[in-house]
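The values are calculated or read from the model by the stated rules, or taken from the named source; none is laboratory data. The structure presented is a predicted model; accordingly, all values stated were derived computationally and were not measured. As a convention, Cβ positions derive from the backbone with ideal geometry for all residues, glycine included, and neighbour counts pool all protein chains shown.
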Amino acid sequence: MYEGVVQDLIDELGRLPGVGPKSAQRIAFHLLQSDAADVKRLADALTEVKAKVRFCEICGNVAEGEQCRICLDARRDGSAICVVEEPKDVVAIERTREFRGRYHVLGGAISPIDGVGPDDLRIKELMTRLASGEVTEIIIATDPNLEGEATASYLARLLGPMGLKVSRLASGLPVGGDLEYADEVTLGRAFEGRRLLDV
Amino acid sequence: MPLYRDQAIVLRTQKLGEADRIVTLFTRSLGKVRVVGKGVRRTKSRFGARLEPGMMVDVQCYEGRNLDTVTQAETLAPYGDAIARDYTAYTAASAMLETCDRLTEEREPALQQYLLLAGALRSLAERSHDPALVLDAYLLRALAIAGWAPSFHDCARCGAEGPHRAFNLASGGSVCPMCRPPGSAAPAPETLELLAALLAGDWVVADGSDPRHRREGSGLTSAYLQWHLERGIRSLRLVDRETRVDTRRSDSPAVELGGHADRPSTTPVAPAQTGHRA
C-alpha cells in the first residue's frame, strides 16, 4: 500500500479493463516519472473524451456531435444499413472499404444468461429508422458466436415480414489459415457459403 | 493430475483479458470445471466454435493454480450452432444451461445431470418437440435429480392418492384437501397431467397438449424451480414470456405466472413471479 494520491491513482488504474494491480502500479510509476506536459496531455485527453464524445442519435456510434461523421456524410448509401454490436465493429468494417452504406450499433448482443434481452438493445431505434422506407437492405454483422447468431436470427424474424433484403455476414475460413485446424462448425459454414469460381 | 481429458458441455463463457475467455464446462466425469480458453476470441483461434455455449466437446486441459487451461478440444456434437439459428430454442437452451450451472457444484461429478442436459440440448437442436416443452421437461427432471422431485398426482405431504386439485410450491406439488396450505394454486387438471407427462417423458401426451395448459405449466415449473433455488434464473425472464396466467381460483390468492411464447417480442414483459411461500 502506498500513501494518499499514489494509491488513489493505482486504484483508479486498476479499475480499467485488463489492468491488474501490478500493471496499475507500473503505469502509475511510469506517469510519476514522466514529464508534467505529457501527463497533462493525457489528463486533457481523458477529460475531453468524456466532455465531447457522445453516442450518435441516429446509429448509436461514437460521435463528437449529435450525429456521427458517417450519418452526416451525404455520399453514403442510405438504402443499406449494416447492423453491428459495438462501435469498434464499425471501425473494423470501415477498414475493409467494402461497405458504403450506413450503420446501426445495437450496443451488444442478446444474452439471456447475462440478463441481456432484445429490449436492452437498440432494436426499437432500428425499427424507427426503417419506418421512413428509405432503407431496402439490412446486413447483420453481429459477432460470429452463439449470442451474435441468436441476435441475427431474432432480427431476421423481426425484419423478414417487412419485405427488406436481409443478409448475414458470411462465416468461414480465415485467410492465411490451414484447413486442417478449422473446427467443424466453421468448416461447415464455409461449405454452406461456398462460391462459384470464374472459369 | 496435471493433465486430464473428458467429455464436456459448455455451460457459459465470460470474456477474459484481450482475447481469452473463462469457459465453464460441465464434464461427464469430473463435474463442473472452470477453464481458460486462451485466444479463443481471435478469428484465427484453433478452437473456433468448439468452446461456445451448448457445444458438446472432448477436451483436454491442464490444471492450474486457480483455473485450468484448455489445450485441445474436439467437437462431439455441435448443438449450440443448431440451437442459435432458432431464437426460441436459443432462449430455452440459455435457461437450461444457467439452471445446470446453478444446480451443480464445481468438481462434483453429476452424471445424471450431464446425460439429462445432453439429451435436452439434442432435442432442441433436432427440433424434436416445442422448445418450451423441452425446457419444462428439463427443468422438472433436473430438479428431480437434485432431490426436489415434484408430485403431480399423489399428495406431496401425506401421500394420499390423487389426482388432487391444489398445487403448492413449498409442499412439493399436488396437495390433498386435508393438507392444502393457504395460498395454494389450483391449476387446471390438464396442466398437472401435462407436467406429470413431462416429468415422466411421456411425449405423446406432452406434444398433444393445449397451448393454454402449456403456458400454465411453464409458469408453475418456473415458480417451482425458482422457489427451490431461492434465486432467480435470469434467462427464464427472457424465454419469450408474454402471457401472464392467473392460476387463481375462487379460494386461492393471486399467483402470477409467466408462460413461454414462441415468437420474439420487443415489448418489455414483467418477470415471472417466483411464486409464493405459503
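Per-structure values
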| quantity | calculated |
| --- | --- |
| Of all residues in region A:72-98 being within 18 Å of A:Pro144 (Cβ to Cβ) and part of a strand (DSSP E or B), the one that is farthest from the other protein chains (Cβ to nearest Cβ) | A:Cys82 |
| Test: residue in region A:147-158 that is more than 11 Å from every other protein chain (Cβ to nearest Cβ) and in contact with a strand residue (DSSP E or B) (Cβ under 6 Å, 6 or more places away or on another chain) | no |
| Within region A:55-81, tally of residues that are more than 15 Å from the chain's Cα centre (by Cα), over 25 Å from A:Arg168 (Cα atoms) and surrounded by 13 or more Cβ atoms within 10 Å (Cβ to Cβ) | 4 |
| Residue that is nearest to the other protein chains (Cβ to nearest Cβ), among those in region A:169-199 that are farther than 22 Å from B:Val40 by Cα and basic (Lys, Arg) | A:Arg194 |
| Counted residues, region B:71-92 - those being in a strand (DSSP E or B) and surrounded by 24 or more Cβ atoms within 10 Å (Cβ to Cβ) | 1 |
| Region B:93-126, residues that are outside any helix (DSSP H, G or I) and of a type in the set (Val, Ile, Thr) | B:Thr104 |
| Breaking point among (1) touching a Pro at 6+ places or on another chain (Cβ under 8 Å); (2) assigned to a strand (DSSP E or B); (3) away from chain A (no Cβ under 12 Å), for B:Asp6 | (1) |
| Among (1) of a type in the set (Val, Ile, Thr); (2) over 23 Å from B:Val36 (Cβ atoms); (3) touching a strand residue (DSSP E or B) at 6+ places or on another chain (Cβ under 9 Å), the one test that B:Val57 misses | (2) |
| Residue in region B:128-139 that is aromatic (Phe, Trp, Tyr), more than 14 Å from chain A (Cβ to nearest Cβ) and touching a Gly at 6+ places or on another chain (Cβ under 8 Å) present | no |
| Cβ pairs under 7 Å, 6+ apart, first in region A:112-127 and of a type in the set (Lys, Arg), second surrounded by fewer than 21 Cβ atoms within 10 Å (Cβ to Cβ) | A:Arg122/A:Gly107; A:Lys124/B:Thr266 |
| Close pairs (9 angstrom Cβ cut-off, 6 or more residues apart or separate chains): at positive phi in region B:62-73, at pLDDT below 95 anywhere | none |
| Residue in region B:29-44 that is nearest to B:Leu116 (Cα to Cα), counting only those that are in contact (Cβ under 8 Å) with a residue 12 or more places away in the chain, in a loop (DSSP other than H, G, I, E, B) and not charged (D, E, K, R) | B:Ser29 |
| Whichever residue in region A:165-199 is under 26 Å from the mean Cα position of the chain (by Cα) and among the basic types (Lys, Arg) and, among such residues, is surrounded by the fewest Cβ atoms within 10 Å (Cβ to Cβ) | A:Lys165 |
